[in-house]
Each structure stands twice: as C-alpha cells, then as structure tokens.
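Asks: Dumping the structure here so I can ask a few things about it.
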Amino acid sequence: MQARSAASQNSLSRDGSGQGIPIVEVQADELRTFASCKTQPTWIFTNIEVCSRLWPSTVVRRRSYANTKALFNDTLGRGDTGGTPFIMTDGFEFYERVIGTFFGVACLYAQVVKTWRKNRVTRVERRAVIGSTTRLEKALDESEDSTRANTAYIECLNLTIRQSVAYLRRRSPPHARCERRLRRQLELARCHYNIIRRHTGLRFGGERRTPAMVAGLRDGVCSFREVFAFA
C-alpha cells in the first residue's frame with residue numbers, strides 16, 4: 001500500500017511536458033503529535049503551493065535542521081521554481097538557514113511570528129527576512145491569493161490533515177503505534193487531497209478542480225482504484 005501511494009505521489013513530480021510542479025508561492029509549517037510514546041513528540045513538516053493549493057511534501061521526524069532541510073529538498077526535487085519563489089513560514093529557527101541554503105537571494109522570504117497568551121494570539125509580527133520590504137510589498141501586490149504576509153493557507157491545510165487522519169484527531173482514542181504507520185496514513189491523505197478530492201476553493205466556472213489539475217499535472221480527477229492500480 002505504501003509503495004503504491006508513493007508511486008502515485010511521485011507521478012506528480014513530472015507532467016507530460018517534463019516540467020515539475022510550478023513553485024510560485026509556498027508556505028510551510030509543522031504539526032506536533034506523537035507516535036507510540038506521548039512523552040516523545042513527533043513533528044510533521046508540511047508545505048503548500050498557494051497558487052494551486054498543492055501539498056507537495058511531508059516529513060515525519062523530530063524537529064531539527066536536517067528534517068527542515070529534507071522538506072525543502074523533497075519539494076525542490078518535485079518542483080520548478082521558474083522565477084523568484086515567494087516563501088512564508090512562522091519563526092521556527094531553522095527555516096531561515098535552510099531557505100538561505102537552497103535559494104540564497106533568489107527568493108523572497110517572510111516570517112509571520114505570533115505571540116500567544118492563554119491560547120490566544122495577542123500579537124502578530126510580519127518581517128521580511130530575504131529580500132527588501134519594497135520587494136515584499138510588490139510580491140504581495142502581484143499575488144492572486146495573499147494581500148499580506150501570512151500562513152493562513154498552510155494552517156488551513158494542517159486543519160484538513162488533522163481532520164483526515166484519525167491518528168491526528170484531538171481527544172480521540174486512535175494514535176499511531178509507530179512513525180511508519182503515521183507516514184502511510186499521511187501519504188494516503190496527501191494522495192486524496194492532491195489528485196482525488198475536488199476543492200471548493202478551486203472552482204472555475206461551474207467546475208471544481210483538484211490541486212493537481214490547477215497545477216497542470218493532470219487533466220482530470222483520479223480515483224483510489226487508479227491509485228492502487230498504478231504500480
């Protein structure tokens with residue numbers, strides 16, 4: 001099952017013209033959960049290509065520089081930056097180092113840092129990390145989705161992931177017995193999200209599309225029957 005779902009996901013890395021996933025505007029974040037032992041947290045690194053709503057990559061491991069790097073390395077292996085990608089994350093310490101290593105000044109990078117008090121956001125700080133404030137404002141003016149630096153799309157994806165994977169639902173009996181099982185569930189959820197599920201927010205005329213259709217990777221909706229027959 002894991003091999004087949006992985007094969008289907010890898011098919012998203014290239015379309016018929018040989019071009020990878022178009023990477024224009026990317027947001028990244030991490031989800032905290034646990035596998036087998038509640039005292040040892042497991043982190044799920046995720047990202048989203050905002051323009052197409054495609055969920056390109058997931059890394060399930062501890063929260064570290066190496067795993068942050070693995071997330072972007074996987075995305076770049078599937079993607080085609082083309083121009084100057086616009087990247088937004090929270091203030092996690094390793095994002096700046098990793099993005100600087102992969103892109104240098106060939107990107108725009110902004111951080112959205114939230115201050116919490118009693119489970120409520122009391123302050124939001126937005127700052128340009130790579131690229132000037134002027135370039136950041138210009139990129140936001142040209143963006144079809146974002147009017148200011150934000151992590152709203154990746155947070156929405158994280159909520160979708162929690163609702164889609166039983167292991168990640170809050171206050172529920174199921175939990176992952178090991179990271180391998182959690183990765184398998186996440187791969188199936190990512191497959192469904194990208195190529196099977198029609199998104200309400202991706203409506204064009206009377207048609208609702210999948211992220212893979214918007215990204216130009218598929219002409220139509222896939223089914224689980226096709227996914228498991230892929231291999």
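Asks: Can you sort Met213, Met88 by how many other beta carbons sit within 10 Å, fewest first?
Replies: Met213, Met88
Asks: Lys138: which aspartates and glutamates have alpha carbons under 16 Å from its alpha carbon, excluding same-chain residues fewer than 8 sequence positions away?
Replies: Cross-link targets: Glu25.
Asks: Would you mind ranking Trp116, Trp55 by Cβ crowding within 10 Å, fewest neighbours first? It would help to have the intermediate numbers written out before the result.
Replies: On the way: Trp116 9, Trp55 23.
Lowest count first: Trp116, Trp55.
Asks: Right, another one. Looking at the chain as a GNM with Cα springs under 10 Å, which of Thr68, Thr133, Thr151 has the largest mean-square fluctuation?
Replies: Thr133
Asks: May I pose another question? Which distance in Å, rounded to a whole number, links the C-alpha centroids of the stretch 161-231 and the stretch 52-78?
Replies: The stretch 161-231 and the stretch 52-78 have Cα centres spaced 17 Å from each other.
Asks: Here's something else I'd like to know. How far apart, in nm, are two points set 7 Å out from the Cα along the Cα-to-Cβ line at Thr84 and at Arg162?
Replies: The answer from the label model is 3.5 nm.
Asks: May I ask you to derive the relative contact order of the stretch 60-181, considering only C-alpha pairs under 8 Å and at least 6 residues apart, and to give it as an integer percent?
Replies: 19
Asks: According to the Kirkwood expression over distinct Cα-Cα pairs, how big is the hydrodynamic radius of the chain, in Å? Please list the in-between numbers first.
Replies: Numbers: mean 1/r = 0.0542 Å⁻¹.
This gives a value of 18.4 Å.
Asks: Something else about it: Please find the FRET efficiency linking Phe94 to His199, where r is the Cβ-Cβ separation and R0 is fixed at 25 Å, and quote it to the nearest 0.05.
Replies: That pair, Phe94 with His199, gives E of 0.25.
Asks: I've got another one for you. Could you give me the ³J(HN,Hα) list for the stretch 101-106, computed from phi with Karplus coefficients 6.51, -1.76, 1.60 and θ = phi - 60°, whole Hz, x at Gly and Pro?
Replies: Working through the residues one at a time gives 5, 6, 10, x, 8, 7 Hz.
Asks: Exposure proxy check: Glu226, Glu155, Glu30, Glu25 ranked by fewest other beta carbons within 10 Å?
Replies: Sorted ascending by nearby Cβ count, the order is Glu226, Glu155, Glu30, Glu25.
Asks: R0 = 25 Å: FRET efficiency of Asp141 with Glu207, Cβ-based, nearest 0.05?
Replies: About 0.30, to the nearest 0.05.
Bear in mind these aren't lab numbers, they're just calculated from the coordinates by the rules spelled out. Note that the structure is a prediction, hence the values are computed from the model and not measured. Quick reminder, even Gly has a Cβ in these numbers, built from the backbone with ideal geometry, and neighbours come from all protein chains shown.
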